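Peer 1: Right, I'll just put the structure down here and ask away after.
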Amino acid sequence: MKSSARQTYVKFVAAVLVLLVAFGSASTYAQASSAAANGYRPPSGIELQDADRTRLLQEARAMYQLNEAQISSYDYGPYYENFKSISLEAFAVAFDPASTSAELTSALQPFDSYPPYNLFSGDSNVFVDEILFEKELQLHLYTEFGSEPGQWTEANGRQWMDDIELARDKLYPLIAWDYWEPEVWTIFWEHLNTAVKFEDLRNGRSDILSQTFQYRTYVLNRLADGRLAPQQTAAFDTAVKELEKLLVVSAAPEPIAAAFAQIKTAYDALPQGGNPASALAVDIEAARLLLNLPKGIRPGQYPASAFGTLRRAINEAQRLLEKGSTPEQFLQAQSKLAAAVADFHSKKKPGS
């Protein structure tokens, strides 16, 4: 082993001090974001498929899993809550349809230098291989013994198995010859992110996350414009928080499905909650009113191109409404129209 116990401890403490300084603003930022959300901001128009939002959802869960793996490590206890808080707060920002591009970018900052290998590794990186072995064993149980029938396809299982084998091929030389190689943690972090993707495939979590995001978009739009009151959405808000907790910790599929069922029940109980076509019609008419705003290049006016873009978005939503569709497609159309409205307002000439 390269370092003495004392040198290891000094490196550990130094790394922690640097990280706490770097991450110190995360809690302050999250509190500000939460306070803004309590004011019922409308959706920002940034879809769930946005690159920053997708990365934040994934890396928040990967950080949570790595942090949980180290909870029993020597002297790690004081830092466990800090990393747990960062991961939970980051996921909450990503899962909030009202989050702006600036907020998503800010929430991503703690992950730019993550994972800090010398903070996690202690005297060795051997536990990395133990985690890989455990995941491989679980995968065999899922695919060969039917622990979750229908959840894994053979192709999914083979792809993840290949990922584990690739990670091991890269890690073995580093673990065998140098316990302090930072490359160990770069490789392992990539693997954890891949594991998050497969967790979504295994449990059908991607669809649940997407549908819940669309439900939240609908609710926030109506809270912001006064068509829903906070008292009416209390049960829905509570159900969303319960699901959010499970999604971050990568829970088993059964509790996730049960939590989503509670969300759908609460959502359907909302005024107009069972009739998304009517809600889309209301949004279309509200957007049409914006076409009467002043057009021009003076302060307080909107350029002609902005009206053309908004009109096309309105017409697209109207066509979908007229031909009929599924509730999910109506919700997606609402979200897309909300993004077009937000883009329209961003084009207003400053100064008035």
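Peer 1: Between Ala281 and Ala155, take the C-beta separation as r, use R0 = 30 Å, and let me know the FRET efficiency to the nearest 0.05.
Peer 2: With a Förster radius of 30 Å, E is 0.10.
Peer 1: Could you give the length gained by full extension between Glu254 and Asp75, i.e. 0.36 nm per residue of separation minus their alpha carbon distance, to one decimal place?
Peer 2: 61.0 nm
Peer 1: Between Ser305 and Asp50, what is the label-to-label distance in nm when each label sits 7 Å out along the Cα-to-Cβ direction?
Peer 2: Between Ser305 and Asp50, the label points sit 2.1 nm apart.
Peer 1: Kindly report, to the nearest 10 Å², the accessible surface of Leu320 as traced by a 1.4 Å probe over protein heavy atoms only.
Peer 2: Rounded to the nearest 10, that gives 40 Å².
Peer 1: Arg319 versus Ala224, label points 7 Å from Cα toward the beta carbon: distance in nm?
Peer 2: 2.5
Peer 1: For the pairs Lys197/Lys245; Lys84/Lys241; Lys264/Lys336; Lys241/Lys264; Lys84/Lys336, flag any whose C-alpha to C-alpha distance is greater than 23 Å.
Peer 2: Lys84/Lys336
Peer 1: Points 7 angstrom from Cα along the Cβ direction at Ser206 and Thr105: gap in nanometres?
Peer 2: With each label placed 7 Å out from Cα toward Cβ, I get 2.8 nm.
Peer 1: For Glu59, what accessible area in Å² do you get when you roll a 1.4 Å probe over the heavy atoms of the protein chains, rounding to the nearest 10?
Peer 2: 20
Peer 1: For Glu47, what accessible surface area do you get with a 1.4 Å probe? Give it in Å², rounded to 10.
Peer 2: Roughly 50 Å² of Glu47 is accessible to a 1.4 Å probe.
The values are calculated or read from the model by the stated rules, or taken from the named source; none is laboratory data. The shown structure was predicted, so the numbers you read here are calculated from the model rather than taken from an experiment. Glycine gets a Cβ as well: all are built from the backbone with ideal geometry, and neighbour counts include every protein chain shown. Quick note on the areas: whole protein, heavy atoms, side chains included, nothing else; ligands and nucleic acids left out. Shrake-Rupley method; radii C 1.70, N 1.55, O 1.52, S 1.80 Å.
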